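The block underneath contains the structure these notes are about, expressed in C-alpha cells.
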2 protein chains.
Amino acid sequence: MRIAKPLMDPNLIPYFKAAVSVDNVVFGFDQSGLKVLLIYRGADPYRNCWALPGDLISLDTDLSSSAEKVLQDLTGLDKIYMEQIHTFGKVDRHPFGRVFTVAYFALIKIEDYNIHPSSWAEEAAWFPISEIPDLPFDHNEILLFAKDQLKTKIRRQPIGFELLPKYFTLTELQKLYESILETEFDVRNFRKKILSMDFITDTGLKQSSVTHRPAKLFKYNAKKYSKISSSDFAFDL
Amino acid sequence: MRIAKPLMDPNLIPYFKAAVSVDNVVFGFDQSGLKVLLIYRGADPYRNCWALPGDLISLDTDLSSSAEKVLQDLTGLDKIYMEQIHTFGKVDRHPFGRVFTVAYFALIKIEDYNIHPSSWAEEAAWFPISEIPDLPFDHNEILLFAKDQLKTKIRRQPIGFELLPKYFTLTELQKLYESILETEFDVRNFRKKILSMDFITDTGLKQSSVTHRPAKLFKYNAKKYSKISSSDFAFDL
DNA sequence: GGCATTATTGTATATTTTACAATATATTCG
DNA sequence: CGAATATATTGTAAAATATACAATAATGCC
C-alpha cells in the first residue's frame, strides 16, 4: 500500500524557518601529503578570511545537488567523489542568524584541479592538512569531523584512488594511506595486503624520467571491487 | 589567532529559508528481535499514518537538543544513546514546502520505555524491523539508512549494550548481534570473541525462574572499553 | 664501472579465525 | 526420586592471516 500524497496547499510550513547551507571539505593529495582546499571569502560575514567552500542552498535545489554545484563551480570538475558527513546546527553558529550547514567531504585528483573564480571565492588554495589556519564559523570543527570520517572510510572502502592519478605507483599508494591514517606501514606487508585485495592491476607500464629504478604503474580496478561486499574490505595493517 | 566574530546586525540571512526537522529512528530489542518505534501521526500532513517520531525545530534550540527533546517527550527517558545519521533534503520530500530533515538513530532499553502522549503522536508502538509498513515522506528511506548505520556501527563499537537490560546473558547478547547483523554465529566462537574483548563482566548472578539450566548474568563494563581506541574493536566473526 | 637512489621481493613465527559436539545444570512430570 | 526436557557451557586442532625483518634489482648520473 503506497500512501498517497495529501493534496493540500503546498504553501508555507507554519513554523520557524532557517537558512541552510552546504560546506565542502575537499581533500587532495600530492607527494607532499594530504591537503585541503580553502577559499578566500569575498562576501560577508568573515569577508577576507580563509574558509571552507560552501554556499547557501536555494529552495529549488536538492541538498546533494547543492553540494555538487558548489564544488563544480569552484573546480570545474564533474563526477567528483562526495559524501555527506554531518549536519551542524548550533543556534549561534552563524552571526547573521540561524543557519544549518550540511557538511560534505570530497576527494579530487589534485592534478585535475584548476581554480575557477566564483561569486563567493576570490581565491582558492591547497593547505597541508597539518597547517590549517583558524577558520570562521565552526569550520575547524567540520574539518576535524571530515578528517576523521576519511580515516574511518578509507579503512573500509577503496576510496583512496579518488585522490590519485589514473596511473600510480605502489609507493604513492602507500604514502597516501600513511598520510590519511597517520601511521607507517612496512613496505612488504603493505604490498602483500593491497595486492591480495585484488582491486589494483599492474598496467605493465613504468615510471619514466626518474633518476632511479622506475616503479611499476598500477591502476584501480573498480569492477573487481564492486563484487565484494564492503564488510569484506578492511585495511587493518 | 582566533577570528573575532564580526559585529553585524544578526538579522535575517538575505536568502531563501526552509523549515528544518529532526526524525528519530528508535531501536529496541527483546527476545522476539529488533524493533523500531513508530508513532501514529495526530497532525497534518499524513495525519493518521504511522511514521517516524520527529518534529520541526524551533529557532532557539540546537540541532542535537531538538532531537533529544523529541525523544524525551515521547519516551520520558533521559540520556538516551543517539547519533546523527544523515540529512535528507530533496526539494519535494515534504508536501507543504521545503523541509530539510536531520535523521538520528537512538537505542533504548525496551523495558524502560513507557508511552508518553505528545502533541504530534496520538499513539506509539514497536514494530518488528521486518514488518515496517509503508511510511510517509521519505521515512522508509531514512529507516533503511538507520538500519545500515546500526549494522556498521555495532561491528566497530560496543553500542549493543544500550539495547539490553543492565544484566543480560550471553545468549541474549548473541541474539542481539545476530538480529542486527542478520547472520548467525557459532556459540563457542561468539563467546570466545566477546569475552576476549574484555568489556563485559560476569556478575556472579544467575537467571532465575527459567525452566532449564539458568544462564550466568553479565554486565557491560564501560570503563574497560573507554581505554581502547575504537579502531581496535571489530566484530568480524 | 661505480655511486646514489628508490623498487621489489620471501620466509619463518605469532596470532587470529574457523569448524566442530559432548557434557552440565536447571525445571517439570510421572 | 528418576527420567525427560530444555538450554548453558566449554576446548581443540587446522587453516588463514598478520607480523617482523633485509637482501637484491633497476635505473640515471658521474
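The values are calculated or read from the model by the stated rules, or taken from the named source; none is laboratory data. Just so you know, these numbers come straight off a predicted model, no measurement behind them. Here the Cβ positions follow ideal geometry from the backbone for every residue, glycine too, while neighbour counts run over all protein chains shown.
Data overview
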{"read-out": "Residue selected from region B:214-234 under the condition at pLDDT 90 or above and more than 9 Å from DNA strand D (Cβ to nearest atom), by the criterion farthest from the other protein chains (Cβ to nearest Cβ)", "value": "B:Lys219"}
{"read-out": "Filter result (within 10 Å of DNA strand C (Cβ to nearest atom) and surrounded by 15 or more Cβ atoms within 10 Å (Cβ to Cβ)) within region B:195-206", "value": "B:Met197"}
{"read-out": "Answer residue from region A:52-73, given it is out of contact with any Ser or Thr (no Cβ under 6 Å at 6 or more places or on another chain) and among the hydrophobic types (A, V, I, L, M, F, W, C) and is surrounded by the fewest Cβ atoms within 10 Å (Cβ to Cβ) among those", "value": "A:Leu59"}
{"read-out": "Region A:74-107, subset surrounded by 18 or more Cβ atoms within 10 Å (Cβ to Cβ) and in contact with a His (Cβ under 7 Å, 6 or more places away or on another chain), residue farthest from A:Trp126 (Cα to Cα)", "value": "A:Gln84"}
{"read-out": "Single condition A:Ser179 does not satisfy, out of (1) modelled with pLDDT under 95; (2) within 20 Å of the chain's Cα centre (by Cα); (3) among the polar types (S, T, N, Q)", "value": "(1)"}
{"read-out": "Filter result for A:Ile194 (of a type in the set (A, V, I, L, M, F, W, C), touching a strand residue (DSSP E or B) at 6+ places or on another chain (Cβ under 7 Å), more than 16 Å from DNA strand D (Cβ to nearest atom) and at pLDDT 95 or above)", "value": "no"}
{"read-out": "Region A:152-170, subset in a loop (DSSP other than H, G, I, E, B) and away from chain B (no Cβ under 14 Å), residue nearest to DNA strand D (Cβ to nearest atom)", "value": "A:Thr169"}
{"read-out": "Residue ID - nearest to the chain's Cα centre (by Cα), chosen from residues in region A:101-150 that are over 24 Å from A:Thr87 (Cβ atoms) and in a helix (DSSP H, G or I)", "value": "A:Ile110"}
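Quick grid of which residues meet (1) free of Cβ contacts under 8 Å to residues at least 12 places away in the same chain; (2) away from DNA strand C (no atom under 11 Å from the Cβ); (3) more than 14 Å from every other protein chain (Cβ to nearest Cβ); (4) closer than 18 Å to A:Tyr104 by Cα:
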position	(1), (2), (3), (4)
A:Asp134	yes, yes, no, no
A:Glu141	no, yes, no, yes
A:Leu150	no, yes, no, yes
A:Glu172	no, no, yes, no
A:Leu181	no, yes, no, no
A:Lys193	no, no, yes, no
A:His212	yes, no, yes, no
